[in-house]
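J.: Structure below; questions to follow.
Just so you know, all these numbers are worked out from the coordinates, no wet-lab data involved. Small disclaimer: the values here were computed from a predicted structure and weren't measured. Quick reminder, even Gly has a Cβ in these numbers, built from the backbone with ideal geometry, and neighbours come from all protein chains shown.
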Amino acid sequence: MWRSTLFWSALPIYATQGLWVRRRALRMPEASGPDTGHASSAQDAAGPLQFLALGDSIIAGVGVDRAEESLPVRLAHELAMRCARPVRWQRRGRNGADSTELVAQWDAAEAAGARPDLVLVSIGVNDATGFSRLDRFVDALDTLRMRLHAQRPNARLLVGAVPPLASFPLLPDPLRRLLGLRADQLNRRSAAWAARDERIWRSDMPFELGPERFAEDGFHPDAAACAEWAAYLAERTVARWPELAADVSAKQAEAGPVDPNC
């Protein structure tokens with residue numbers, strides 16, 4: 001309760017510093033490249049994993065130059081390697097999107113034929129900076145869950161943590177501390193919501209976001225951070241839902257013993 005009171009009582013400071021940040025912020029474009037693709041597997045021990053990414057600038061690839069450097073595409077390649085199966089990926093993100101856009105993004109993906117086995121959601125930074133109510137944030141996630149599971153009951157939903165805004169180099173104090181507090185509130189609510197359904201995982205951040213992990217704008221992760229983040233998410237996703245991975249031993253048994261002279 002005291003955290004919420006502190007946040008709202010500091011709004012005059014927030015508004016003044018927020019305008020200053022908007023004036024000086026470097027505007028970086030979304031990553032160039034396709035919004036759909038295919039990540040190859042070395043073993044192809046099962047059919048393709050259908051992977052969909054929804055959300056904000058992290059999904060759109062702001063902070064990296066090319067789509068293949070972005071978090072969702074990096075994650076698709078990591079999943080292909082760890083699951084021993086190809087991954088067909090699709091990303092639908094927009095710079096500046098907040099949680100109210102998730103359902104529209106899902107509807108567009110569904111209309112385009114998306115039938116995902118795994119959905120990644122990156123959302124929350126713009127909810128924090130835009131004063132979204134905590135209930136509205138969780139309601140948007142739950143509406144997405146219901147729409148997804150109405151069509152794909154066994155689909156897994158991976159919700160990324162709201163990054164620690166208190167670590168963002170672009171933001172001055174006390175604004176960064178206030179927004180960090182709001183990000184923590186959103187994360188606590190989304191974690192409690194996700195814990196009710198084994199098909200959902202609200203991940204944490206795999207590392208501290210020091211200045212060296214940010215792009216030039218001081219607000220988005222750079223390519224190296226996206227690569228490390230993707231490797232972490234893939235490892236934890238397969239550990240949590242091992243059924244996503246191919247049964248390589250069964251595939252090898254089907255093929256029969258390997259002739260060592262070949």
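J.: Can you list the HN-Hα couplings for region 117-128, worked out from phi with the Karplus curve (6.51, -1.76, 1.60; θ = phi - 60°), rounded to whole Hz and with x for Gly and Pro?
T.: Listing the rounded values in order: 8, 9, 10, 9, 10, 10, 7, x, 4, 6, 5, 5 Hz.
J.: Which order do the peptides 180-187, 235-242 take when ranked by the mean count of other beta-carbon atoms within 10 Å per residue, highest first?
T.: Going by the mean number of other Cβ atoms within 10 Å, highest first, we get 180-187, 235-242.
J.: Given H placed 1.01 Å from N in the peptide plane, which residues other than close sequence neighbours of L49 have an amide H under 5 Å from its amide H?
T.: V87, R88
J.: Local charge sum around L120 (other residues, Cβ-Cβ under 13 Å, Lys/Arg +1, Asp/Glu -1)?
T.: +3
J.: Please give the per residue volume of the convex hull enclosing the alpha carbon atoms of region 80-217, rounded to a whole number of Å³.
T.: Measuring per residue, one finds 129 Å³ for the Cα hull of region 80-217.
J.: Please list, ordered by chain and number, the residues whose modelled amide H lies under 5 Å from the amide H of I200; skip anything fewer than 5 residues away on the same chain.
T.: L157
J.: Please give the direction-averaged projected area of the C-alpha convex hull for region 23-93, in square nanometres with one decimal.
T.: One quarter of the hull surface, i.e. the mean projection, equals 4.7 nm².
J.: Over 10 Å intervals from 0, what percent of Cα-Cα pairs in region 2-244 sits in each interval?
T.: Spelled out per bin, shortest first, that is 8, 33, 37, 17, 4, 0.
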